[in-house]
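Asks: Attaching a single structure in structure tokens format; questions to follow.
Bear in mind these aren't lab numbers, they're just calculated from the coordinates by the rules spelled out. Note that the structure is a prediction, hence the values are computed from the model and not measured. Cβ coordinates were reconstructed from backbone atoms using ideal geometry, including for glycine residues, and neighbour counts include every protein chain displayed.
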Amino acid sequence: MPEHAKPGHSLGPVGWGYSTLVSGLPLRRDEGCPVCRAMPLRDPHGAHTPAGLSVWPAGQRSPATQRRGLFVPGSGTHPARMLPDLARHAIHTFSPHRGIVLDPLVGSGTTLVAALLAGRDAVGVEYEPHWADLARANAAHAARQAGGGTWLVQRGDATRLPARLPRLLRGRVDLILTSPPYGRTMHGRVEHRRGPLTRFANRYGPPDPASLAHRGLAGIAAGMRSVLAGSMMLLRPGGFVVITVRPWRRDGVLHDLPGALAQVAIEVGLQPVQQCVALLAAIRDGHLLARHSFHQLTVTRASRAAGTPVLLPQHEDVLVLRAPTGRDHSPAPGAGAR
Ligand SMILES: C[S@@+](CC[C@H](N)C(=O)[O-])C[C@H]1O[C@@H](n2cnc3c(N)ncnc32)[C@H](O)[C@@H]1O
């Protein structure tokens, strides 16, 4: 066992690259990562914390600052982009340097950009051709900035994985990092700088049964079950799956999408590791500074005016799961490849 992997090893001062959980699993702390930097290394009693906390302060920088210079023009038209600092934190925490990161629902390509800039190779699948082209443009831009890196964006239906991805990827992916599309009320921006108050960047393509973006809760969960079942074939034994997801509100009713996805992930044979919280608010002088779009504010206000006492969401759930290691790496019944 390497020195750093000994149980009970002291985690050392700021600047260490590796730390270790008692199990010997190396977790990585990246000193350039704004989320890591916002996490204390010691608890109030002076004891070292593990490499990270289950609350990820992903909103220390504004979304615009996080994205500046990393994406090609037009990327802001995607209705549901992941925060780059959130993607970056998940990638260096749960995948090794030079590892392979896959996003089967890649959208504008945020996860690919974060992976390439972190020295990983990146694979994405996207159903809508327009977003697949955008993800390709963003991945190419990131690879240029990173001075290299291998990437692939496949236009296709991720519920049919691993078909259409190169066979050599099977059993090789270190991390699947993704987020599902969900209802209209979660998406879009509202602004008045173009004249009257208008909602924009809130649309996927026309309704299509293969797209998860037009489904209700049960349909999204069923689709994600297929996506994860196929992705299992690509994951290496012990590889990680990280899903960022919010509870979903439709017609005033809250649906537990994180719970539904955790359940389907377990059904296809993934092992739950932890459920974390990605904080979208910034922490400033010990207080939370809300970061929300005008659209989210208007939706929350309308819900309250209609008698539902909702609070402005300032977090996402982060589900962390793992493929079985070694000989356990066989899919659950009904979780086959096509
Ligand atoms: C939440 S968005 C991903 C956003 C992405 N993380 C980003 O930062 O841009 C989910 C994406 O899944 C895509 N999608 C929906 N159904 C799909 C399917 N069956 N196969 C592949 N992609 C699908 C949608 O078009 C959408 O772009």
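Asks: What is the fewest-to-most order of Glu267, Glu126, Glu316 by other Cβ atoms lying within 10 Å of their Cβ?
Replies: Glu267, Glu316, Glu126
Asks: What is the packing order of peptides 257-263, 168-174, taking the mean over residues of other C-beta atoms within 10 Å and listing the highest first?
Replies: Working: 257-263: 18.7, 168-174: 17.0.
My ranking of the peptides, most packed first, is 257-263, 168-174.
Asks: Quick one: grab Rg to one decimal and Dmax as a whole number for the range 53-196, Cα atoms only, in Å.
Replies: Reported Rg and Dmax, both Å: 15.1, 52.
Asks: I'm a student and want to see the number: the projected area of the Cα convex hull of the range 105-170, averaged over all directions, in nm². Please report the intermediate quantities before stating the final value.
Replies: Details: hull surface 15.9 nm².
For the Cα atoms of the range 105-170, the hull's average projected area reads 4.0 nm².
Asks: Next question. Could you list Met224, Met39, Met233 in order of exposure, starting from the residue whose Cβ has the fewest other Cβ atoms within 10 Å?
Replies: Met39, Met233, Met224
Asks: Still on this model: Using 0.36 nm per residue, how much length does the chain from Leu152 to Asp256 gain when fully extended, once their Cα-Cα distance is taken away?
Replies: Values: separation 104, 0.36 × 104 = 37.44 nm, distance 3.25 nm.
Value of the extension gain: 34.2 nm.
Asks: Continuing with the same structure: Can you tell me the order of 212-223, 103-114 when each peptide is scored by its average per-residue count of other Cβ atoms within 10 angstrom, highest first?
Replies: Numbers: 212-223: 18.1, 103-114: 29.1.
Order by mean packing, descending: 103-114, 212-223.
Asks: Going by C-beta contacts inside 10 Å, put Asp30, Asp121, Asp43 in order with the fewest on the left.
Replies: Listing Asp30, Asp121, Asp43 from fewest to most nearby Cβ atoms yields Asp43, Asp30, Asp121.
Asks: Using the Cα centre of the range 18-328 as the reference point, and only Cβ charges (+1 on K/R, -1 on D/E), how large is the resulting charge dipole? Debye, rounded to the nearest 20.
Replies: Using Cβ point charges on Lys, Arg, Asp and Glu, the range 18-328 gives about 540 debye.
Asks: Direction-averaged shadow area of the convex hull around the Cα atoms of the range 18-328, nm²?
Replies: Computed as one quarter of the Cα hull surface, the answer is 17.0 nm².
Asks: Could you give the length gained on full extension between Arg167 and Gln274, defined as 0.36 nm per residue of separation minus the Cα-Cα distance, in nm?
Replies: Length gained, Arg167 through Gln274: 35.5 nm.
Asks: Along the charge dipole of the range 18-328, which of Leu116, Val277, Leu212 sits closest to the positive end, that is, farthest toward it, with unit charges on the beta carbon of Lys, Arg, Asp and Glu (+1, +1, -1, -1)?
Replies: Of the candidates, Leu116 comes out farthest on the positive side.
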